[in-house]
Every structure is written in C-alpha cells, then in structure tokens.
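Student: Below is a structure I'd like to ask you about.
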Amino acid sequence: MSERTVAKREESAVADTRDEERTVAPVVDIFEVADGLAVVADLPGVEKDAVDVQVDDSVLTISAKTAGGRPGEEVYSEYAPADYFRQFRLSEHVDQEKIHAEMKLGVLTVHLPKVEKSKPKRIAIQMAS
Amino acid sequence: MTIRTWNPFRELDVLRQEVERAFDTYGRPWRQGSALRAVPLHYPLLNVSEDKDNVYVEALAPGIDPETLDVTVVRDTLRIAGEKQALSDEIKPEAYHRNERSAGKFVRTLTLPVEVDGESVTAEYRNGVLHITLAKVEAAKPKQIEVAVS
C-alpha cells in the first residue's frame, strides 16, 4: 500500500484549485486485519455526513468537509479549520462491494475486505507414500 | 576505507536542518517531523477566540473517550487533560502499514487572555473537537461608555 502522490486530475481539474490547496492530510493508521485492510483516520470537526470515502481504480480517496465558523474574534490560533483530503493506492484487490466505513468521535474507520481470490489459501500437503 | 558518494539530497537535508535551527520553533506550534508531514508540538491543538462576554476554546482532540476528559479552570488558567485510547492491542506491530496516529495521556494548560468565572464554564465534545465556553468575570467585560454631547 503506498500513498498516491499524483492524484487523478480529471475531476479535480474543474474544481476550484484554491480549495485543494487548503486541504489537510489527516493522520492515519493502516493495518492488516483477517479479511483485508483497515484504515483509521483522525478527522476532528467532521460531521458523519460530510465524509466521502471512495475507491476508484484501486485508489482510496478520503475527503471530508469541516463545519467552519467559530464564535467571536480570534485571539490565538494553532490550527486553521480546513477540509481533509488524502489518497492511497491499494496494492491488494479490494472487494468494492464490501467496503464499509464508520465515523465515531471524529475518527473514521474504513474496512476494506479483500476479494476472495486474493485471500491466502491453505494448501493441503499430501504425504507421499 | 569507506567510499562516500556525494549525495545532493543529503546536502539539501543538512541545509534544511540548518535553516530550521535558525528559525527554531518559537511561536510556531508545528515542527516539521519529516519533509512530508508536520508533527504538532502540543496536543491537543487549540484555537482561542473571545467576544464581549465569553472566551471560547476549541481543542482538536479526535478519538477520545469523553469519560476521560477533565477540564478545570482556576482564575485565568485552563487545564485540559484526557487520554486517547490506542487501537486494539490485538493488532500486531507487523500488521501496520502506517502508524501515524498517537495515543496516550495528555495534559495541556493554557493562560486565558482574561480572568473567567469558574462557575459558568461549559464544555462539549462534538465530532472529536472539544468546545469550551468560559464566561468572563464581570470586571473583565468591556464597558460601553456613553458619550454625552453637550
């Protein structure tokens, strides 16, 4: 699994390029589970409905919009609320039908089950008599 | 004898380190952890804003069990403590492709711009962001002075 550095440009070419610049790459954990891969991403400040997870041409795209607006006048700021965007190239064949994602406390978990044929298969070894 | 080849990228890296040292991290909460990603020096990251009556603090703290969050105020000092749970222990280290998220206990104290009323502080944890609203003490609120026209 490698991070895709050159994003697919076809659809983003139309979008406002300034939007793209202001996105933040969320920190992620990616690990193997029994039936495939799991991706856990920190997306603080994102509503469940504002997350978009897509797998297209074995590229996983996570994009999310933050609900902006803070009360009052800024006194001190360590982060600028920005939308999230990150892409990964998946090396394994992921069963697109079975992908599911959940959002809890600002953390997104995406389960990417492998297609049956790319799961490890135990080969029975016959004893030669 | 060791053979050292000249690596222009290494030279660039040395230069980058020199520049970083020169500017240090004073006043900047972000440190370049690698060429690709910034690592926060403080956790959680905070934004502070205010209006006439209140001071608002937002802390970027995803994935925290709200039960572990502890927010206390003494005069003009706000303290936020909590614990970010690690993912399940059942995940073997070798199963990780990437492990960028951190876990563990944290404490952060912040000096607020004005003194606040400790009795009227509200904190709400929503979508991984902690929103704290602190009411200013009466003495710290701006007073509107009527200008008399004679």
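The values are calculated or read from the model by the stated rules, or taken from the named source; none is laboratory data. Owing to the predicted nature of the structure, the values given are computational and were not obtained by experimental measurement. Methodologically, a virtual Cβ is constructed for each residue, glycine included, from the backbone with ideal geometry; neighbour enumeration extends over all protein chains shown. Heads up: the accessible areas ignore ligands, DNA and RNA and are worked out on the full protein's heavy atoms, side chains in. Shrake-Rupley method; radii C 1.70, N 1.55, O 1.52, S 1.80 Å.
Student: Within region A:51-70, identify whether any single residue is open to solvent by 50 Å² or more (accessible area, probe 1.4 Å), at pLDDT 85 or above and either over 16 Å from the mean Cα position of the chain (by Cα) or within 13 Å of chain B (Cβ to nearest Cβ) (or both), and answer yes or no.
Tutor: Yes; the residues of region A:51-70 include at least one that is open to solvent by 50 Å² or more (accessible area, probe 1.4 Å), at pLDDT 85 or above and either over 16 Å from the mean Cα position of the chain (by Cα) or within 13 Å of chain B (Cβ to nearest Cβ) (or both).
Student: May I ask you to list the residues in region A:97-129 that are closer than 26 Å to residue A:24 by Cα and either open to solvent by 100 Å² or more (accessible area, probe 1.4 Å) or acidic (Asp, Glu) (or both)?
Tutor: Within region A:97-129, A:102, A:104 qualify.
Student: Looking only at region B:82-95, decide whether some residue is closer than 17 Å to residue A:41 by Cα, aliphatic (A, V, I, L, M), free of Cβ contacts under 8 Å to residues at least 40 places away in the same chain and part of a helix (DSSP H, G or I).
Tutor: yes
Student: Restricting to region B:81-126, name every residue that is within 16 Å of the chain's Cα centre (by Cα), surrounded by 15 or more Cβ atoms within 10 Å (Cβ to Cβ) and more than 25 Å from residue B:53 (Cβ to Cβ).
Tutor: Correct list: B:82, B:83, B:84, B:101, B:106.
Student: On to the next question. Quick one: in region A:89-129, of everything that is more than 30 Å from residue B:66 (Cβ to Cβ) and hydrophobic (A, V, I, L, M, F, W, C), which residue is modelled with the lowest pLDDT?
Tutor: Looking at residues that are more than 30 Å from residue B:66 (Cβ to Cβ) and hydrophobic (A, V, I, L, M, F, W, C), I get A:128.
Student: Residues to consider are A:101, A:67; find the one that is out of contact with any helix residue (DSSP H, G or I) (no Cβ under 9 Å at 6 or more places or on another chain), touching a residue at least 40 places away in the same chain (Cβ under 8 Å) and within 24 Å of residue A:22 (Cβ to Cβ).
Tutor: After ruling out the rest, the residue left standing is A:101.
Student: Here's another thing I want to ask about it. If the Cβ limit is 9 Å and pairs must be 6+ apart or interchain, which residue in region B:58-75 that is assigned by TED's automatic domain parsing to the domain that holds residue B:134 pairs with which residue that is open to solvent by 40 Å² or more (accessible area, probe 1.4 Å) and basic (Lys, Arg)?
Tutor: Hits for this filter: B:58/A:70; B:63/A:104; B:68/B:105; B:70/B:79; B:71/B:79; B:72/B:79; B:73/B:79.
Student: When you scan region B:60-78, how many residues do you find that are of a type outside the set (Ser, Thr, Tyr) and either surrounded by fewer than 18 Cβ atoms within 10 Å (Cβ to Cβ) or more than 9 Å from chain A (Cβ to nearest Cβ) (or both)?
Tutor: Here the count works out to 11.
Student: Only one of B:33, B:27 is modelled with pLDDT under 90 and farther than 17 Å from residue B:102 by Cα; which?
Tutor: None of the others qualify; the one that does is B:27.
Student: While we're looking at this one, here's another question. Identify, from the list B:143, B:105, the residue that is in a loop (DSSP other than H, G, I, E, B) and of a type in the set (D, E, K, R).
Tutor: Going through B:143, B:105 in turn, the sole match is B:143.
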